[in-house]
1. From the helices alone, meaning DSSP H stretches of at least four residues, give me the mean residue ellipticity at 222 nm for the chain, per-run term -39500 (n - 2.57), in deg cm²/dmol to the nearest 500.
2. Can you list residues from other chains, or at least 5 along the same chain, whose modelled amide H is less than 5 Å from the amide H of Ile294?
3. Can you list the HN-Hα couplings for the range 225-240, worked out from phi with the Karplus curve (6.51, -1.76, 1.60; θ = phi - 60°), rounded to whole Hz and with x for Gly and Pro?
4. Any chance you could run the full-extension gain for Asp93 through Asp291? It's 0.36 nm times the residue separation minus the Cα-Cα distance, nm to one decimal.
5. Assigning unit charges at the beta carbon (Lys, Arg +1; Asp, Glu -1) and nothing else, what dipole magnitude in debye, to the nearest 20, does the range 225-323 show about its Cα centre?
6. What do you get for trypsin sites (Lys or Arg not before Pro) in the range 329-382 restricted to DSSP loop and a cutoff of at most 14 other Cβ within 10 Å of the site's Cβ?
7. Percent relative contact order of the chain, based on C-alpha pairs within less than 8 angstrom and at least six residues apart?
8. As I understand it, the dipole of the chain uses +1 on the Cβ of Lys and Arg and -1 on the Cβ of Asp and Glu, about the Cα centre. Which of Pro25, Ser362, Val213 lies farthest toward its positive end?
Amino acid sequence: MTIASAPPHSDVDLFSDEVLLDPYPVYARLREMGAAVRLDALDRVWALTRYDHIRAADGDWQTFSSDASVGLNEVINARLVGSILGSDPPWHDKLRAVLMAQLSPRSIRRITDYVEEAADRLVDSLVERGRFDAVPDLATVLPLTVVFDLIGLPESGRGNMIRWADAMFTIFGPLNDRTRAGVQIIPEMYEWLGTLQAEDLRPGSMGRSIFDVAGEQGFDHHQCVKLLATYVTAGMDTTINAISNAVALFAEHPDQWDAVRADPGLIPSAFNEVLRYESPVLAFARRVTRDVVIDGVEVPGGDQVVLLFGSGNRDERHYPDPDRFDVRRNPVDHLSFGYGIHTCAGQALARIEGHAILRALSERIRRFHTGEPKRHLNNVVRGLESLPVEIET
Ligand code: HEM
C-alpha cells in the first residue's frame, strides 16, 4: 500500500456552534478528502469519516483503544479510567457482563408490556392536549421514567438527571466552553450518586444488581457508582434525541409517516432509519496503540481518532442516496449504536422504547405540524431543545 506523503488535513472545528448546527455538509467534505483527515484545530487528532473505516476501527480494540481515550480532553479521560466506556478488555468485559445480565435482549423483553403501556398513556395524554412540545412533553418523559424505574433510583435525583446527562456527554469534546461548563456540573451528579447505598436502590432493580454482585466481582463502592452513572446517563439524551428526531423527521416527511401508519410492520425499519439519518451520538474517540495505515494515510501511534458515526451513517459509499430519509431502507447495520466490544449495551431497551413510541403515535396521529425547532448544542449528542407540535388525529 502506498502511503500518502502529505496526509489530508482540515482546519474545521467539528465542535463549533456552526458545525454542530449543521454537521452534514462538513462531514461530506471531510469524507471526500479521505477516510482519515487530520484535524488542525486539535492536537494529534484525526477524524475517521467513512463507514467502512469507522466500523473497522470500532471492531479492533487492540489497535483503537478506549483506555482513557474516548474523550478529547484529559479531564474526561481521567474520569473515565476504569469505566465501561473508557476501558479495554479484560476489565471492560467484566463490567459489561454485569450490565448485560440486565440489558440483554432476553432480560429486557420482560419489560416490553410495561414500556408499551407507559407509551400509550403518555401519547393518550398528548393527543388530548392537541398541542405540545415534542422534546419536554414527549421525548424526555419515557426514557426518564423507564431508566429511573428500571435502575431503581430514588426520586431525589430526577429533577437534575437531564442536565447531568447532557453535561456527561458534552465533556467528551475538546476543552471548549461547552466542555468547561459541563465539567462544573458533573461533580453534582457524582456527589448525589456517591451518597447512594445498596438499600437506596429498589430491590430487584438493575441498579441494585450492581451492588448485589459487587462482592463477588471485587467492585468497591466507587466502582459501583461509576457503573450506575453509565447506566443512568447513557440511556438518557441518546433515547430522548432519537424520539424527538423521529417526530421532526416524520413532520418533514408526511409520506413516510403515511407508510408507517399503513404498515406498522415498518416500525423497526423506520426506527433504524431515524437513527441512521440523525445519529444521536455524533462521535466518540479512540487512541491508536501503534502506527497504523488508514486508506493510505499513516496515523502515528499515540494519536487519537474521532469515530464520526454521524458521517459514516451518511456515507454514499455504503448507503445509496444517504441524504434521503426512507423508512423502507431498514439500515440494520447503521453506526448509531457503535460496533464491536463497546457497541451500545442498552440498544435492546432503546429499541423497545423507540418502537413503543412510534407505535403509540402512529395509531393515534395522522399528521404532525411543527413550529420552529430549537436545536440543543452538545459536543457529542445531537438533538433538539424544543419542537412545538400541533397534531391532526
Ligand atoms: C437511541 C438510543 C441510544 C443510542 C443512539 C446509543 C448509542 C451508544 C453508542 C454510540 C455507544 C458507544 C458504542 C461504541 O463505542 O462502539 C453506546 C454505548 C453504551 N450505551 Fe448506548 N445508546 C442508546 C441508548 C442506551 C440505553 C437506553 C442504555 C441503557 C440504559 C445505554 C447504555 C449504554 C452503555 C452501558 C454503553 C457502554 C457500552 C460499552 O462500553 O461496552 N444506551 N451507546
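1. Working: 17 runs with 193 residues, N = 393.
So the calculated ellipticity at 222 nm is -15000 deg cm²/dmol.
2. Distant-sequence amide H within range of Ile294: Val299.
3. Per residue, the Karplus-derived 3J(HN,Hα) values read 5, 4, 5, 4, 4, 5, 3, 6, 7, 4, x, 9, 3, 4, 6, 4 Hz.
4. Gain on extension, Asp93 to Asp291, equals 68.7 nm.
5. 600
6. Values: sites: Arg329, Arg351, Arg359, Arg364, Arg366, Arg367, Lys374, Arg375, Arg382; in loops: Arg329, Arg366, Arg382.
Hits after loop and neighbour filter: Arg366.
7. Across the chain, relative contact order equals 27 percent.
8. Val213
Each reported figure results from applying straightforward, stated rules to the coordinates on display, with no laboratory input. Because the structure is predicted, anything quoted here is derived from the model rather than measured. When we count neighbours, we look across all protein chains shown, and the Cβ atoms used for this are built from the backbone with ideal geometry, even at glycine.
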